[in-house]
Amino acid sequence: GAESVSASREDAAAAGPAARQEVLQAEAPAAAPSEAKAEVAGSEPAPADTGASAQAAAPEGMVSCPSNGNTEAREGDGSAAGPPEGAEAKKALGNTAFQAKKYAEAIRFYSEAVLEAGDSAPGVYFSNRAVCQAALGDWEAARSDAAEALKRPGGITKKALYQKAKAELRLQLAEEAEATLRLAGEHGLRADVEKLLKEELRGVSQASSAQASAASAPATAAATTSAPPAAAAAGGAAAAGTPAAPPAAADAAAKAKDAGNAKYKEGAYREALAEYRRALDLLPPNDTERRAPLLGNVAAACLMLRKVDECISVCEQSLALDAQNAKIRSRLVTAQVALGDFAAARAALAAATGGDAAALANASKLIDDTERQLATADAALTGGEPANALKMLAELETKALFSCPAVSLKMGRCYLELKNYPRVLNTTQQVLRANPRNIDALVLRSEALYRNNDAAADSPQWTDPLEQGQRLLKEALSFDPDHAGAQAFRKRLRQLCGSHSEFKAAFSCREFEKAQEVLDQMIEQGQDNPVMLASLYCERAKCGIRLKDWPRVLKDVGQATYRNHSLVQAYLFRAQALQALDRQEDAVKELEGLLSWHREQSVYEKLQEAKFLLRKKKRANYYELLGVPSVASQLEIKKAYRERAAEWHPDKKGHLDEVARKNAEEMFKRIGEAYEVLTDAQKKEYYDKGYDLEGIDEQIELKKRRTEGHGHGHGHGHCGSGHCC
């Protein structure tokens, strides 16, 4: 806390690497808590440390072996039984919380470990808690825990002695600090503890000397020169009447504050926060005149780093020292608005007893403007304008509500309405990462999974997102069993999963009408989910195809493509229904449109098939033209040809007008085509397969090329290219 880091490091530099490591470990809990991992028992020592610094960094009850750097367990008091596993688990949680700089949470875990261990609680539990108390500036509690640690078997450690002596010096209990140092001397640790306390002792000594000279009290001066440093601090305090900040510490605090201000102006808020905290540690707790504004600086840096909860806590500490500081109260209001806690923000303003009226008025305006804009965004979302609502909420999140989960979830709701389901899942994941018990986030995430279900209704994966949503809703109901929205939504998802199983069973048993009835129920339940509805309508169209209910098929695929334009299967079903209704041209157009944006081989083949059927429909019916059945023999075909040709011969139509003569000529020509095709075995074969005259010629030419190529390649002994191999 109050020791000068630079001076300690200079003295340690001369002592060697082990001493330098020891000083850094001693500095960490108070001066830079984020670097104090080794100070909490349970942290692993660095493998390279094999000397005194490794002994100090290792967890208490563990001794590093200097010869090989290994760590061996050793019971400090020789007792056979250690603390319960549950207590050790709590201690481990406390260590984790400390490393995350969550000191209050770490204290809670260490306290639970002490309660669970009872009389068997080792000293390390108390010394760890003392480190956290010191980090929070609670020197009375730190001293009490360190003293309790020293009473426990095996608890007389350098860390516990250091924490106790440091707290006593901060509390200006000079005689008690000297007693602690004597206890350290009895166990051969005084030199180590004094080395860690060097700056504490130096600052107190300088303060007491200055006070003694100013007071010109011979008795006090004599006590100062004859007593050890800790006792001198007591004499200096008595001479001054009230404790005062040591000049060296005060100068160091001012320099740290100035350094923090410089970093803040540069935008280096993290470094600024570290300097402000160091300045606070260098000031005594009773220096309220300088602590209050310095706490305001800490709050400002926390606000810029979006550490809103910490900002609120620090503002409250500052206002407890100076309730009329309007700037800090305004900062408190800003932080509470950032959380979306407008009631707390108004309460903070109501508690103001004076100060800068303009700053308080600006804070009140911030609350009013933010509430009004939030209400406008809510109205836009409710009114079916999610895009406008999202724009307003994003602006609010940037300017004022930058740490408000409720606003993030409202934006997630906008993304849901805009069908941007991945953004909804990402937003809810971030909220749940900060607070896994956020019921609204769990419900919204379930809705996104439900609406983003684009799997085909006949696939096994169709129920996966619905089942995942049910698990999330079950978790939400475990936090609030009476949440009506979660209850109703979970029931609907469960019904959909059950209906899906019933539909699959009916379809597998070829009970297509029953399958359609089940799908009707599912469609009724999923009216708020267009993607799912498209899949269900497509499945109902499939049932219609099996029942050959072609008008119903066209109606269902129309509903499916209206809700999901990218559902390929629905377009294929429509083409199939159009072909069954002998609407070949419409079927070709449908497949051409599908192929334009879904260029797959299967669609291309369907299109070619549809074109073939269209040409087949448009070709002349040669059997009908000759008046014979398709199974007629060659003799019957020739006889029919002679009769029809004689009937439509142009020479017999000379008495007709010009139009009638042209029609007769065209009829005579087609009769000739029919005779030519139907009396040629190869052409008749292709005609019976559905080819028109043009298609027949193409197939004959293709067959001829294949035959020539085959004969040329093998009959002449050449390679496929026509050249010698």
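Bear in mind these aren't lab numbers, they're just calculated from the coordinates by the rules spelled out. Because the structure is a prediction, the values reported are computed rather than measured. All Cβ positions, even for glycine, are placed from backbone atoms using ideal geometry, and neighbour counts span all protein chains on display.
Using the Cα gyration tensor of the stretch 605-679, with a ≥ b ≥ c the square roots of its eigenvalues, what is the shape: rounded (a/c below 1.5), prolate (a/b larger than b/c) or oblate (neither)?
Details: a/c = 3.77, a/b = 1.51, b/c = 2.50.
Because a/c hits 1.5 or more and a/b fails to exceed b/c, the stretch 605-679 counts as oblate.
Determine the distance separating the Cα centre of the stretch 481-502 from the Cα centre of the stretch 658-680; give it in Å without decimals. Cα centroid of the stretch 481-502 versus Cα centroid of the stretch 658-680: 71 Å apart.
Modelled this way, with points 7 Å down the Cα-to-C-beta line, the labels at Glu592 and Asn621 are 2.6 nm from one another.
Based on alpha-carbon centroids, what's the gap between the stretch 136-170 and the stretch 542-579 in Å, whole number please? Between the Cα centres of the stretch 136-170 and the stretch 542-579 lies a distance of 79 Å. Sorting the segments 582-592, 625-635 by their residues' average number of neighbouring beta-carbon atoms within 10 angstrom, most packed first, yields 582-592, 625-635.
Pairs from the list Lys159/Lys195; Lys102/Lys265; Lys589/Lys684 with a Cα-Cα gap above 22 Å: Lys102/Lys265; Lys589/Lys684. Peptides 373-382, 565-574, 106-115 ordered by packing proxy, namely the average of other Cβ atoms within 10 Å per residue, highest first: 106-115, 565-574, 373-382. Would any residue of the stretch 308-323 have its amide N under 16 Å from a label point 7 Å out along Cα→Cβ of Ala351? List them or say none. Correct set: 309-323.
Computed 3J(HN,Hα) for the stretch 570-576, one whole-Hz value per residue from the Karplus formula 6.51 cos²θ - 1.76 cosθ + 1.60 where θ = phi - 60°, is 5, 5, 5, 4, 5, 4, 4, glycine and proline marked x. One Cα centroid belongs to the stretch 358-407, the other to the stretch 326-345; the line between them spans 15 Å. Listed peptides 547-560, 253-266 appear in the order 547-560, 253-266 once ranked by packing, highest mean of other Cβ atoms within 10 Å at the front. Run the quick spin-label model on Thr398 and Asp369: label points 7 Å from Cα toward the beta carbon, then report their separation in nm to one decimal. Roughly 1.5 nm, to one decimal. Model label sites at Ala488 and Glu417, defined 7 Å from Cα along the beta-carbon direction, differ in position by 1.7 nm. On the beta carbon distance between Asp309 and Ala358, with R0 = 30 Å, the FRET formula returns roughly 0.65. Stretching the chain fully between Ala254 and His649 yields a gain of 130.0 nm (0.36 nm per residue, less the alpha carbon separation).
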